[in-house]
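Engineer: Quick one: this structure, given as structure tokens, is what I'll be asking you about.
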């Protein structure tokens, strides 16, 4: 073991380049800096040299304060300029004010370059991915959780620290960029399928199927033997079909006409918005609905009679049991899933990457690479 080593390795620079989120608002709140003190691993932590970091909705939502109940529009609203008179204390998913400046970046692939007290030095040199949604280390209550890149500094920098237990070695020939596309999106998708207990032979409807979480959900649902109905922009149908979707529906089409009423066992939703009531109409009696996003808007109209008369079950999915990420690593190593990276950018181009992300003109994930 290594009981005392909490200092930087002699080859690690004292300062690093990275992106500071300095406040809630537009892209101007993301400031590229070249003199950020390199973090030192505390007890139980590892220091990672960041090899690549994915772009996610949660990073943008936190930047603009979209999680605040003051905001009722879709995730693109305010994405470039932010919102006026936003209460910072309610602007995060956790409901607590963000500690600023913050280095965001929920997705990380990195190399262990130093370890803190209590962590074996044998970890140095390992290539790892970091679990995005983590158990709160202070309360240990099941649904108390923290997000890498939100409650803790994340991957939009040359170096970051992570709890050793949350940094998972993955034995795979995938590139750093490919691995960095996995943690947030794929764990979110796997968690919804896990919580809703999708079974082989069931029919699952996946909304937003061309995005990072949606494209992951298509693959993960097929891995479980489900019949996958995917909703995506028509120009992306070939991409989503290649991931394993059995049936494609164009975004904006009437779902009842396209699929049929009472014809789906499970809905995986990342979209919500004005068309949301159709999702309950296509669910069969006893069907399940799992949600972990609302890119088309969080305010929906629910006829409570549909919920109880059809015996539906709803799953709100944020917290993840540890087995979700462990299983995900095993799927990668078994080649049960594959990464879907649309393009990568140098970290200096984070504004462009987030703008492209919001324009949704791609299938899969966008990834940032720090300057070496």
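The values are calculated or read from the model by the stated rules, or taken from the named source; none is laboratory data. Bear in mind that the values here come from a model prediction, so they are computed numbers and not experimental data. In this analysis, Cβ positions are derived from the backbone assuming ideal geometry, glycine residues included, and neighbour counts consider all displayed protein chains.
Engineer: Of all residues in segment 322-350 being within 13 Å of residue 131 (Cβ to Cβ) and touching a helix residue (DSSP H, G or I) at 6+ places or on another chain (Cβ under 8 Å), which is surrounded by the fewest Cβ atoms within 10 Å (Cβ to Cβ)?
Structural biologist: Residue satisfying both the conditions and the ranking: 323.
Engineer: Of the residues that sit in segment 205-221 and are touching a strand residue (DSSP E or B) at 6+ places or on another chain (Cβ under 6 Å) and not in a strand (DSSP E or B), which one is nearest to residue 354 (Cα to Cα)?
Structural biologist: 212
Engineer: Which of the following residues is touching a strand residue (DSSP E or B) at 6+ places or on another chain (Cβ under 8 Å), more than 24 Å from residue 242 (Cβ to Cβ) and at pLDDT below 95: 346, 322?
Structural biologist: 322
Engineer: What's the number of the only condition in (1) assigned to a loop (DSSP other than H, G, I, E, B); (2) touching a helix residue (DSSP H, G or I) at 6+ places or on another chain (Cβ under 8 Å); (3) modelled with pLDDT of 95 or more that residue 46 fails to meet?
Structural biologist: (1)
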